[in-house]
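Working notes for the structure below.
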Amino acid sequence: MSAVTTWGLVVESTVGTGERKHTEAQVVAHVEGTRGEALAELERRARAHVPTHPLSHRRRRLLRDGDGFLLVVDGAWHSFITRFTVAELLEDSAAPAAPEPVGRTPSEPEPVAETAPPAPPRPTAEQLAERDEDGVPVLPSWLGRRDLS
């Protein structure tokens, strides 16, 4: 069984004004699947993104940049950027740990499981990206994950 790749969708935005203007980053979502599927979801989010600054903008430009996108919004006095990046998740200290087998000593062989029922089908990237009118995902991101049962 091949491992599914998990991709982090990272958004870096310009926040604040004047001398307090700086960039903040956050992982806004995780996508399991191919890099192409993750980039498609990232592009969807970049196109729909409405930055906090500037309050009124004169020009909005979305550019593709390597593994992501760059949104440049020109305000009356300054330009503000938002960078959208897709990156492979290699480690997550907050991820649930794999459960330890109970009642076996290290020298005992792994018990052979009887035929397990097939796992439910994984939702598609489009199904996971679907949001209700409040922006809440219609399907939870953990739905169909085999490592959570």
(Q) So, Ala94, is that one open to solvent by 50 Å² or more (accessible area, probe 1.4 Å), out of contact with any Lys or Arg (no Cβ under 6 Å at 6 or more places or on another chain) and of a type in the set (Gly, Ala, Ser) or not? (A) yes
Q: Scan (1) closer than 26 Å to Thr124 by Cα; (2) surrounded by 14 or more Cβ atoms within 10 Å (Cβ to Cβ) for the single condition Ser13 breaks and write down its number.
A: (1)
Q. When you scan the range 1-78 for strands (runs of 3 or more DSSP E) that lie fully inside it, which ones turn up with 1 or more residues that are within 16 Å of the chain's Cα centre (by Cα) and either within 21 Å of Arg131 (Cβ to Cβ) or not β-branched (Val, Ile, Thr) (or both)?
A. 6-15, 22-32, 68-74
Q | Of residues in the range 61-89 being open to solvent by 70 Å² or more (accessible area, probe 1.4 Å) and either of a type in the set (Phe, Trp, Tyr) or out of contact with any Ser or Thr (no Cβ under 9 Å at 6 or more places or on another chain) (or both), the one nearest to Glu37 (Cα to Cα) | A | Arg64
Q: Could you please give the count of residues in the range 33-60 that are open to solvent by 50 Å² or more (accessible area, probe 1.4 Å) and modelled with pLDDT of 85 or more?
A: 10
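The values are calculated or read from the model by the stated rules, or taken from the named source; none is laboratory data. This is a predicted model, so every value here is computed, not measured. In this analysis, Cβ positions are derived from the backbone assuming ideal geometry, glycine residues included, and neighbour counts consider all displayed protein chains. Only protein heavy atoms, including side chains, enter the accessible area calculation; ligands, DNA and RNA are left aside. Shrake-Rupley method; radii C 1.70, N 1.55, O 1.52, S 1.80 Å.
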